[in-house]
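Novice: Shown below is the structure under consideration.
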Amino acid sequence: MDKLKIALAVVCVALGVGGYYYFSETAQVLRVLMVLGGLLAAAGVAWLSAPGKEFFAFAQEAWAEAGRVSWPTRKETMQTTGIVFAFVVVMALFLFAVDTTLAWIIKLLTGRTDG
């Protein structure tokens, strides 16, 4: 029975999207509402299935877990951003130096000059 409910949910989404394109002469707002209606109907049908209820429970647990996360303060975020920026600048300078040195060595080995 759950497979039938999931299939019905997919059909609801397909009908919403199909209605969007079928009624191309209708106002854009109504066409978007058709898609949203299809998505809401699909969500309702899917929620009535066992996998849908499991997903809803998982989403609630994930939301609760996000609330328990210790988020960095503004000061910590600014310090970390500064460290990353400084590292990027140092790496850019290092890679520029390595590239320039290797290019100079290749020119010496091949006997080419800048003239």
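Read-outs: derived from the displayed coordinates by stated rules, not from any lab. Model, not experiment: these values are computed from the prediction. Here Cβ is always computed from backbone atoms with ideal geometry, including for glycine, and neighbour counts include all displayed protein chains.
Novice: Relative to the first principal axis of the alpha-carbon coordinates of the chain, what is the inclination of helix 50-68, with its axis defined by its Cα atoms, in degrees from 0 to 90 and to the nearest 10?
Specialist: Approximately 50 degrees, to the nearest ten.
Novice: Using the crude model of +1 on Lys and Arg Cβ and -1 on Asp and Glu Cβ, and no other charge, please compute the dipole size for segment 2-68 relative to its Cα centre, in debye to 20.
Specialist: 80
Novice: Multiply the residue separation of MET1 and PHE55 by 0.36 nm, subtract the distance between their alpha-carbon atoms, and state the gained length in nm to one decimal.
Specialist: Gain on extension, MET1 to PHE55, equals 17.7 nm.
Novice: While we're here: How long are the three semi-axes of the equivalent ellipsoid of the chain, in whole Å, if each is the root of 5 times an eigenvalue of the C-alpha gyration tensor, listed from largest down?
Specialist: For the chain, the ellipsoid semi-axes come out as 56, 27, 17 Å.
Novice: Using only the alpha-carbon atoms, how far is helix 2-22 inclined from the longest principal axis of the chain? Give it as 0 to 90 degrees, nearest 10.
Specialist: Result, in degrees: 80.
Novice: Among the aspartates and glutamates, which fall within straight-line cross-link reach of LYS3, defined as a Cα-Cα distance under 18 Å, with same-chain neighbours fewer than 8 residues apart omitted?
Specialist: Result set, ordered by chain and number: GLU54.
Novice: Another one. So which chymotrypsin sites (Phe, Trp or Tyr not before Pro) in segment 11-52 are both in a DSSP loop and have at most 13 other Cβ atoms within 10 Å of their Cβ?
Specialist: Passing sites in segment 11-52 are PHE23.
Novice: Taking a cut-off of 13 Å between Cα atoms, list the aspartates and glutamates near LYS5, but don't count ones fewer than 8 places away on the same chain.
Specialist: Leaving aside aspartates and glutamates fewer than 8 places away in the same chain, none come within reach of LYS5.
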